[in-house]
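The values are calculated or read from the model by the stated rules, or taken from the named source; none is laboratory data. Quantities reported herein were computed from a predicted structural model and do not represent experimental measurements. Don't worry about glycine lacking a Cβ; one is built from the backbone with ideal geometry, like all the others, and counts go over all protein chains shown.
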Amino acid sequence: MQQQPSEKPRILLLLPTRTYRATDFLEAALKLNVEVVVASEEAATTADLSPRQTLVLDFGSPTAAAQAITEFAETYPLAAIIGVDDDTTLLATTASEALELPHNPVASAKTTRNKYLLRHTLEINGVSVPAYQRFSIHEDAAEIAAKLGTTTQVSFPCIIKPLSLSASRGVIRADTPTEFVNAFQRTAKLLHTLRENTEANSQQHPLQYLLVEDYIPGIEVALEGILLDGELKTLALFDKPDPLEGPFFEETLYITPSRLSADIQDALHQATAEAADALGLRHGPIHAELRYNDKGAHLIEIAARTIGGLCARTLRFGTGMSLEELVIRHAIGQQVEALQRESQAAGVIMIPVPKAGILGEVRGKTEAHRVDGIAEVNITIPIGGEVVPLPEGARYLGFIFARAETPEAVETALREAHRRLEFAILP
């Protein structure tokens with residue numbers, strides 16, 4: 001049931017237990033004076049964050065969870081349902097369709113959650129994509145390696161990646177048959193482990209497959225945008241100053257505004273808009289990863305959600321509005337077309353994990369805070385917590401944020417603050 005316009009807007013926030021985003025979204029909702037219902041896998045994990053009603057859902061079963069939301073809305077009508085990350089995007093879309101709330105097509109949401117379907121859908125709709133092929137994790141890696149560049153369209157160098165994981169998890173570059181075999185087996189082992197911890201036994205489940213595609217060289221950027229009835233509004237374009245050439249693709253620096261030329265930025269916007277249209281996406285936030293080289297702009301990934309982790313804290317709009325507030329405003333039908341990112345440069349460094357082990361101590365936080373331009377140093381893994389580097393790892397050590405008058409000053413501040421931190425990682 002859709003909420004009546006005269007009532008105080010009530011939104012449902014889908015917040016997984018391990019999300020970084022709970023506090024920022026709840027603070028944005030409080031600022032907007034909307035009523036919030038928090039849905040999570042466990043009521044206790046969010047009950048202390050919000051005094052309002054909570055809902056317990058199984059995010060791994062979108063159909064059943066959507067039915068639970070529909071039944072809840074019969075008593076408590078909802079104005080919007082907002083998924084905050086990859087794990088909740090499909091559920092938010094499915095439930096919004098059931099309640100006749102603004103949403104992307106469910107098929108489009110499903111496609112963005114599967115890298116093979118993403119490539120296939122773009123290709124059949126005329127969007128240029130790298131050569132790609134899907135393989136079962138049970139296939140013989142050596143046999144596949146022997147075929148690359150001969151009986152397959154994909155050739156070296158190539159990228160091996162899972163179909164449904166994010167944040168570069170399981171993504172490995174291979175330049176030779178030997179590297180391919182090692183990379184394929186390593187990522188397949190990760191997916192076998194994840195399958196054991198889930199109910200991913202269906203032969204069609206994304207964890208049963210790997211995508212192998214041609215490596216696209218060039219500079220990499222991230223585009224944060226929002227779709228307004230199918231029209232893409234770019235909210236921010238992030239440069240990634242550190243080269244991402246493999247074998248693993250650990251992201252570190254994100255800095256905005258971009259220092260690329262206006263022509264290149266326009267090409268990146270157009271490539272993202274073309275991809276969103278081909279996928280049928282029309283409503284709400286999107287986050288895209290792209291590369292640019294002498295052949296133009298190339299879409300790497302696109303997701304129907306906002307930027308991950310705490311990185312959204314780099315963005316402010318108008319007179320200080322957060323990205324989370326902008327997303328909620330759009331979801332409840334308020335106008336956001338005129339909102340622009342603040343003029344001040346900003347950036348974040350996602351603190352990489354140097355080695356596996358147990359986090360024993362973090363030194364230098366005070367010194368890092370003292371660097372001119374640093375706004376926040378946030379260590380997100382607790383002392384005593386396990387740390388795992390890419391390609392198996394799924395969490396960064398933390399985030400450092402900076403603001404300054406120029407992108408160059410932001411980059412300098414972030415690198416210096418990171419240099420001052422020291423992490424004692426025990427075996």
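So which residues in the range 77-105 are farther than 23 Å from Ser168 by Cα and of a type in the set (Val, Ile, Thr), if there are any at all?
Ile81, Ile82, Thr93, Thr94
Within the range 312-345, which residues are part of a strand (DSSP E or B) and among the small types (Gly, Ala, Ser)? Break it down stepwise before answering.
Residues of the range 312-345 part of a strand (DSSP E or B): 316-317, 321-322, 341, 345.
Matches in the range 312-345: Ser322, Ala345.
Please identify the pairs in which a residue from the range 72-101 that is more than 19 Å from Val327 (Cβ to Cβ) has its Cβ atom under 6 Å from the Cβ atom of a residue that is part of a helix (DSSP H, G or I) and not charged (D, E, K, R), counting only partners at least 6 apart or on another chain.
From the range 72-101, the pairs are Ala98/Ala66; Ala98/Thr70.
Counting only residues that are crowded, with 19+ Cβ neighbours inside 10 Å and aromatic (Phe, Trp, Tyr), which one in the range 48-87 is modelled with the highest pLDDT?
Phe72
Please state which one of Ile328, Ile351, Ile358 is under 20 Å from Thr19 (Cα atoms) and either surrounded by fewer than 21 Cβ atoms within 10 Å (Cβ to Cβ) or touching a His at 6+ places or on another chain (Cβ under 7 Å) (or both). Steps first, please.
Numbers: Ile328 fails: either surrounded by fewer than 21 Cβ atoms within 10 Å (Cβ to Cβ) or touching a His at 6+ places or on another chain (Cβ under 7 Å) (or both); Ile358 fails: under 20 Å from Thr19 (Cα atoms).
Residue meeting the stated conditions: Ile351.
Here is a check on your reading of the model: is Thr152 within 17 Å of Tyr116 (Cα to Cα) and either outside any loop (DSSP other than H, G, I, E, B) or modelled with pLDDT under 95 (or both)?
Details: within 17 Å of Tyr116 (Cα to Cα): yes; either outside any loop (DSSP other than H, G, I, E, B) or modelled with pLDDT under 95 (or both): yes.
The answer is yes for Thr152.
Being surrounded by fewer than 18 Cβ atoms within 10 Å (Cβ to Cβ) and part of a loop (DSSP other than H, G, I, E, B), is that true of even one residue in the range 411-420?
no
Checking the condition over 22 Å from Ala417 (Cα atoms) and surrounded by fewer than 21 Cβ atoms within 10 Å (Cβ to Cβ), which residue from Thr319, Thr306 passes? Don't jump to the end; show me each part of the working.
Values: Thr306 fails: surrounded by fewer than 21 Cβ atoms within 10 Å (Cβ to Cβ).
Going through Thr319, Thr306 in turn, the sole match is Thr319.
Is it the case that Ala345 is aliphatic (A, V, I, L, M), more than 24 Å from Asn33 (Cα to Cα), buried (at least 20 other Cβ atoms within 10 Å of the Cβ) and in contact with a Pro (Cβ under 9 Å, 6 or more places away or on another chain)? Full working, then the answer.
Values: aliphatic (A, V, I, L, M): yes; more than 24 Å from Asn33 (Cα to Cα): yes; buried (at least 20 other Cβ atoms within 10 Å of the Cβ): yes; in contact with a Pro (Cβ under 9 Å, 6 or more places away or on another chain): yes.
Answer is yes for this residue.
Restricting attention to the range 155-172, report how many residues are within 23 Å of Asp277 (Cα to Cα) and either among the basic types (Lys, Arg) or modelled with pLDDT of 95 or more (or both).
1
Just to be sure, is Leu190 in contact with an Asp or Glu (Cβ under 7 Å, 6 or more places away or on another chain) and farther than 26 Å from Gln270 by Cβ? Quick ask: steps written out before the conclusion?
Working: in contact with an Asp or Glu (Cβ under 7 Å, 6 or more places away or on another chain): yes; farther than 26 Å from Gln270 by Cβ: yes.
Considered against the rule, which asks whether it is in contact with an Asp or Glu (Cβ under 7 Å, 6 or more places away or on another chain) and farther than 26 Å from Gln270 by Cβ, Leu190 comes out as yes.
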